[in-house]
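Here's a structure for you.
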Amino acid sequence: VVAAKRAMPVAQAPEARLPAPAAPDRTANAPAPAAPPPTIQQAPAAPRATPTVAEAPPRVDPDATLARFMTTYERGDTPGLMALFDEVAIGNAGGKPQIRRAHEALFRSTELRHIAFENMAWAQEGDWLRGRGRYEATLMRKGEPRLETESGVVRIELLRRGDQALIMALDYQPGERS
């Protein structure tokens, strides 16, 4: 009896086979029982690395920052207003401590305040947002029955900090007063 060679994959070692026990000879010409096919075992699949995609930083809406500014300004809410400014912010009055003092004095001396921003044009560069537009501020001083209005150009620089934009610079350039 000539055994046929089976082709084995290169990476798999042939199985060791023990000879089958001898069975009583019932027929001399009976074919030998067929050997079972070799068992192929697959190696466990290697975990696939999922490609990581750099997440874009969250978009920050500069108009939302201006809306919070207008709301806190009109309420005379100094802590709320100052929360919109970065620690190293600068404005017409100076750094953040001077900005705080100027707004505290304004809020203490007025009964009514309103500020509006219009035609804001924004440019973004990395985490910086720079805006330029027009503003109009109206207020009523305590004890005075008349409104004062000032309008002009406003320039503002915001810096993204996490999911919000903080004011880094705020510059009013008055044009008209009434």
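For a quick check of your reading of the model, give me the residue pairs whose first member lies in region 72-83 and is of a type in the set (Val, Ile, Thr), whose second is in a helix (DSSP H, G or I) and modelled with pLDDT under 95, with beta-carbon atoms closer than 6 Å and at least 6 apart or on different chains.
Every condition considered, no pair remains.
Collect the residues in region 134-161 that are free of Cβ contacts under 8 Å to residues at least 24 places away in the same chain and either exposed (fewer than 13 other Cβ atoms within 10 Å of the Cβ) or of a type in the set (D, E, K, R) (or both), keeping them in residue-number order.
If we filter region 134-161 for residues that are free of Cβ contacts under 8 Å to residues at least 24 places away in the same chain, which is where we start, we get 134, 136, 143-146, 153.
Across region 134-161, the qualifying residues are Arg134, Glu136, Gly143, Glu144, Pro145, Arg146.
Would you point out the residue of region 60-86, among those that are open to solvent by 30 Å² or more (accessible area, probe 1.4 Å) and at pLDDT below 95, that is nearest to Val153 (Cα to Cα)?
If we filter region 60-86 for residues that are open to solvent by 30 Å² or more (accessible area, probe 1.4 Å), which is where we start, we get 61, 63-64, 67-68, 70-71, 74-75, 77, 79, 83.
Cutting the leftovers down to at pLDDT below 95 gives us 61, 63-64.
Details: Asp61: 20, Asp63: 16, Ala64: 19 Å.
That would be Asp63.
So Gln164 fits all but one of (1) surrounded by 13 or more Cβ atoms within 10 Å (Cβ to Cβ); (2) of a type in the set (S, T, N, Q); (3) free of Cβ contacts under 8 Å to residues at least 60 places away in the same chain; what number is the exception?
(3)
Run Val53 past the list (1) assigned to a loop (DSSP other than H, G, I, E, B); (2) modelled with pLDDT of 95 or more and report the number of the one that doesn't hold.
Just one mismatch for Val53, condition (2).
The values are calculated or read from the model by the stated rules, or taken from the named source; none is laboratory data. This structure is a prediction, so every number in the text was calculated from the model and none was measured. Cβ: placed from backbone, ideal geometry, glycine included. Neighbour counts: every protein chain shown. In case anyone asks, the SASA skips ligands and DNA or RNA and just uses the protein heavy atoms, side chains included. Shrake-Rupley method; radii C 1.70, N 1.55, O 1.52, S 1.80 Å.
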